[in-house]
Ligand SMILES: Cc1cc2nc3c(=O)[nH]c(=O)nc-3n(C[C@H](O)[C@H](O)[C@H](O)COP(=O)(O)OP(=O)(O)OC[C@H]3O[C@@H](n4cnc5c(N)ncnc54)[C@H](O)[C@@H]3O)c2cc1C
């Protein structure tokens, strides 16, 4: 595995599926979900995450006493391991462009992105031109959005973490970012022909041979049929295409023993490098 990548100075591409503004817990968790799904994801992060004000994180399940710096390093390395880029740059302006967004930054060339996740805690000035400036919320948080899912009135624009009015704990910010990333993936899937119920995205890992036998096919078929709207007019070709895609995706959660061992070894190396924690096999 490569050494700790932390933050790059510039993005490697000019166009992404997803651009995330803010690399605190919420933005990195959203990026984790979108990158693991396979969407090209870039995170822009400049400035200080609010959690740096804490001397150690004592209320994050399983991370007792981890310092904010360790936590952020670990989280950045994790999203990088899953394929997202984390870039050290300030987003200055986001505008709607060509069915997606143009994201301008202070130092770099900027990028285009089909979807944007705003996860920048209290700063949302860069969104002032989106939706003709109508996104401002008169309530406690700067951007008007559905607090549970992060969706806004602008298709493809989501808000995560503090900026969406979530409670002020880092574990909750991370959970919300994950939820927003998952909703974004579901929206992406529904654009590709998945209907309500099958558009939801799972992110699981299971041992090899957990799935795929006759009972599993029956179980998935039964569930799949239950998602079809009563009055649907989907043609057979579409139904079978989605059924096959859903099954292939679930089978893809399975990990061969060799793959599993390689990933676990990478994870241990990452933990050791970023937290200084060795493997005790526990
Ligand atoms: C004093 C203090 C102590 C705290 N202690 C705890 C604690 O002990 N336990 C706990 O659970 N929570 C604690 N919190 C709360 C915790 O910090 C937040 O819940 C959490 O950081 C929110 O995560 P977030 O991702 O929404 O925002 P942040 O973590 O703040 O991340 C937002 C990121 O976006 C970046 N950013 C902003 N604008 C831009 C832009 N235009 N372009 C690029 N990047 C941008 C910021 O620099 C930052 O890195 C504390 C907060 C404070 C203020």
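For segment 130-138, the count of residues that are away from the ligand (no atom under 13 Å from the Cβ), surrounded by 19 or more Cβ atoms within 10 Å (Cβ to Cβ) and at negative phi is nonzero.
Checked against the criterion of being more than 20 Å from residue 31 (Cβ to Cβ), in the same structural domain as residue 32 (by TED's automatic domain parsing), buried (at least 17 other Cβ atoms within 10 Å of the Cβ) and within 16 Å of the ligand (Cβ to nearest atom), segment 164-177 contains one or more residues that satisfy it. Per this entry, residue 27 is counted among residues that are within 14 Å of the ligand (Cβ to nearest atom), in contact (Cβ under 8 Å) with a residue 12 or more places away in the chain and in contact with a strand residue (DSSP E or B) (Cβ under 6 Å, 6 or more places away or on another chain). Listed by position, the strands (runs of 3 or more DSSP E) inside segment 1-103 whose residues that are surrounded by fewer than 16 Cβ atoms within 10 Å (Cβ to Cβ) and in the same structural domain as residue 159 (by TED's automatic domain parsing) number at least 3 are 91-97. Only one entry in 151, 102, 115, 93 is in contact with a strand residue (DSSP E or B) (Cβ under 7 Å, 6 or more places away or on another chain), modelled with pLDDT of 95 or more and more than 28 Å from residue 8 (Cα to Cα), namely 151.
Residues satisfying the criterion are absent from segment 210-224 (criterion: free of Cβ contacts under 8 Å to residues at least 40 places away in the same chain and within 28 Å of residue 16 (Cα to Cα)). Of all residues in segment 104-122, those satisfying the criterion of being closer than 23 Å to residue 183 by Cβ and either touching a helix residue (DSSP H, G or I) at 6+ places or on another chain (Cβ under 8 Å) or buried (at least 19 other Cβ atoms within 10 Å of the Cβ) (or both) are 111, 113, 114, 115, 116, 117, 118, 119, 120, 121, 122. Between 157, 127, the distinction of being away from the ligand (no atom under 11 Å from the Cβ), surrounded by 19 or more Cβ atoms within 10 Å (Cβ to Cβ) and either on the phi > 0 side of the Ramachandran plot or in the same structural domain as residue 112 (by TED's automatic domain parsing) (or both) belongs to 157 only. The residues on offer are 268, 263, and the sole one that is closer than 30 Å to residue 70 by Cβ and touching a strand residue (DSSP E or B) at 6+ places or on another chain (Cβ under 9 Å) is 263.
The values are calculated or read from the model by the stated rules, or taken from the named source; none is laboratory data. As the structure is a prediction and not an experimental result, all values here were calculated from the model. Positions of Cβ are generated from backbone atoms using ideal geometry, with glycine treated the same way; all protein chains shown enter the neighbour counts.
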